[in-house]
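This report concerns only the one structure given below.
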Amino acid sequence: MHNSQPWRWRIGPREIQLYADSQRHLAATDPDRRDLLLSCGAALHHLRVALAARGLSADIRRLPDPEDGTHLATVTVRPGGEPADLALFPAIAERRTDRRRMSRRPVPDEHLNALVERAAGNGATLVPVSRPAMRRQLLAAIVTAERLQREEAGYASELRMWTNRLPGGRDGVPAANVAAPPIGTLDPSPLRRFGRAGLAQAVQVAGHGRGDDAAELLVVTTAGDEIVDRLRAGEATSAVLLAATRIGLATTPLSQAMEIGSSRLQVQRDVLGSRSSPSSSSASAGRPLVRRRCPRHLAASSAPSSSGDRLRAAPGRHHTGP
Ligand SMILES: Cc1cc2nc3c(=O)[nH]c(=O)nc-3n(C[C@H](O)[C@H](O)[C@H](O)COP(=O)(O)O)c2cc1C
């Protein structure tokens, strides 16, 4: 979420344990710990991809200890990497959360279908919210969540804390990764308002009409809403973000509508048309307008150029995760 990296790894000779790090839980922003578990799920999927790149596969036991809800997974490492995971490996280093305006050219159906398949392969369902009426409903839910969150005690201070990390810190969302809202849009922005923006917005070409982009809004859902479902939703979200990156799309996770109970219900009812209680995460994916992706600001001092560096650092606080 605010790049809080709420996970802990315990690494043994053949097994890797994943724990949720409650000290990095953002209680006001994420009261039901959905984002925390989604983040851990995404980290778990990144691990699987990284192992595949070393010719290894991950045998994952989720929630191995029924007495400990923070012990999220035991990963047994075996020979033989999955080709589907391996294909995503370069995207670990390439992917960035891109909060700039995207292109007005829509995402082709074949790309959306590829992302839907990725989510399915990771135990979740990806719903592209393409129909204009549904899109409007989802945008409305996100905008309402943003308003409600502003009134939530503690939300603003958590945002301040995680957008003003100490120099040299390797977590949080710095102004350098936040773009000011684009000018001349008709649709409300689905982006979280982080405050100070230090990233140049993609230039709007004169005479090309309004500034709305055609980024596709996507919702990842699972059948249930238990800890394991949220973990799965995080894994699938990671798979979708990495696959989108490989295709050349820019992506932005958008979790606000899922952080406020009433907005989440609004999404379930008005967008997904489902009475079940799915664990969801949402994101946008679109064609980038600016070829160069956002700089990985936090890597400035260590400048890891190889994906191997990033892999090694992933369990600690050295790099940002999704
Ligand atoms: C569960 C989850 C929820 C997130 N929600 C949002 C969001 O609502 N808005 C946003 O701009 N970024 C969101 N992010 C993106 C993170 O802020 C971002 O991943 C983090 O700052 C690290 O940057 P990177 O993705 O470029 O590595 C979310 C990420 C995760 C894992």
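Computed per residue of the chain from DSSP H runs no shorter than four, each worth -39500 (n - 2.57), the mean residue ellipticity at 222 nm is -10000 deg cm²/dmol. Round to a whole angstrom and tell me the spacing of the C-alpha centers of region 149-182 and region 200-246. Region 149-182 and region 200-246 have Cα centres separated by 20 Å. Build a GNM of the chain with springs between Cα atoms under 10 Å apart, and of ALA58, ALA87, ALA140 the one that fluctuates most is ALA87.
Farthest towards the positive end of the charge dipole of the chain, among the residues VAL107, MET1, LEU272, is the Cα of VAL107, using unit charges on the Cβ of Lys, Arg, Asp and Glu. Straightening the chain between ALA176 and ALA214 buys 11.3 nm, computed as 0.36 nm per residue apart minus the Cα-Cα spacing. Computed from label points 7 Å out along Cα-Cβ, the spacing between ARG14 and GLU152 is 4.3 nm. Per-residue packing, averaged as other Cβ atoms within 10 Å, sorts the ranges 202-213, 109-120, 162-173 into the order 109-120, 162-173, 202-213, beginning with the highest.
Listing LEU72, LEU148, LEU88 from the residue with the fewest other Cβ atoms within 10 Å to the one with the most, what is the order? Provide the component values of the computation, followed by the final result.
Values: LEU72 29, LEU148 16, LEU88 25.
Lowest to highest Cβ neighbour count: LEU148, LEU88, LEU72.
Expressed per residue, the C-alpha convex hull volume of the chain stands at 127 Å³. Dipole size of region 74-179 about its Cα centre, with +1 on Lys/Arg Cβ and -1 on Asp/Glu Cβ: approximately 500 debye, rounded to the nearest 20. Gyration tensor analysis over the Cα atoms of region 69-141 returns equivalent ellipsoid semi-axes of 30, 17, 15 Å (largest first, whole Å). Taking every Cα-Cα distance in region 104-146 and sorting them into 5 Å bins from zero, the calculated P(r) comes out as 5, 20, 18, 21, 21, 13, 1 percent. Using a Gaussian network model of the chain in which every pair of alpha carbons under 10 angstrom is joined by a spring, one finds that among THR221, THR70, THR125 the greatest mean-square fluctuation is at THR70. Neighbour counting of Cβ atoms within 10 Å sorts the residues MET134, MET161, fewest neighbours leading, into MET161, MET134. Residues within the reach of a label modelled at SER22 (point 7 angstrom out along Cα to beta-carbon, backbone nitrogen below 15 Å), restricted to region 52-70, are 67-70. When the Gaussian network model of the chain links Cα atoms closer than 10 Å, the mean-square fluctuations of GLN268, GLN23, GLN149 top out at GLN23. Rg then Dmax, both in Å and based on the Cα atoms of region 21-112: 16.8, 50. Note on the chain: with charges restricted to the Cβ of Lys and Arg (+1) and Asp and Glu (-1), its dipole about the Cα centre is near 1040 debye.
FYI, it's all coordinate maths here, none of it is from the lab. Source: prediction; values computed, not measured. Here Cβ is always computed from backbone atoms with ideal geometry, including for glycine, and neighbour counts include all displayed protein chains.
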